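The values are calculated or read from the model by the stated rules, or taken from the named source; none is laboratory data. Not measured: the values here are computed from a predicted model. Note that we place each Cβ from the backbone using ideal geometry, even for glycine, and neighbour counts take in every protein chain shown. The accessibility values were calculated without ligands, DNA or RNA, using every heavy atom of the protein model including side chains. Shrake-Rupley method; radii C 1.70, N 1.55, O 1.52, S 1.80 Å.
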Amino acid sequence: MDREEVLSSIRDNVENLNLVKHMLATEAVMRALAKHLGEDEEEWALTGLLHDIDVELSEGNVDTHGKLGADLARELGASEAVVHAILCHNERLGVAMETRLDRALYCTDPLTGLITAAALVRPEKKLANVVARSVRKRFKEKSFAAGASREQISSCSELGLELDEFLELSLGAMQGIAVDLGL
Ligand SMILES: [Fe+2]
């Protein structure tokens, strides 16, 4: 699949630039995870990039979010493995996680939000000066970025990853595209 084609579809379907940045962050972390775990980097990255393409199309309807995205992903030529991961990242759809790709998207999705928030509370609002230790500290503060489910992030253990390892790897991946994230 052509990344440019996917990005152009994202631009057609998503107006909110912060949402686009969230998808780019998820792409970067998923690629790093795949590399670390010896999985298919292109497939995992694509899943991260596409996973929220239907948030605006769904207009906040949590019962369709994921379904429309799965349809769009199929139209773009994504594999059924990618489609399945997109479907089960919204628990409301009741599609059970089966694969490592499903689990990777599930634990990565909220972590990108937590790391973004950890950068934004700094005076200079830059990822460059965020260290894994401070992400870990923020992780433990339940009221900080409360929408980022700690339980969901901790499910990285299902992939055989320690939490600290996951935080560090994800922070590094996001720092690598800090310019694109505007952080
Ligand atoms: Fe997401």
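In the stretch 13-26, the residues that are at positive phi never reach a residue that is within 11 Å of the ligand (Cβ to nearest atom) with C-beta atoms less than 8 angstrom apart, at least six apart or across chains.
Scanning the stretch 19-66 for residues that are in contact with a Lys or Arg (Cβ under 8 Å, 6 or more places away or on another chain), farther than 17 Å from Ser79 by Cβ and among the acidic types (Asp, Glu) gives Asp54, Asp63. Here the condition is being open to solvent by less than 50 Å² (accessible area, probe 1.4 Å) and within 14 Å of the ligand (Cβ to nearest atom); of Asn18, Asn90, it holds for Asn90 alone. The residue that is surrounded by the most Cβ atoms within 10 Å (Cβ to Cβ), among those in the stretch 93-113 that are in a helix (DSSP H, G or I) and away from the ligand (no atom under 12 Å from the Cβ), is Ala104.
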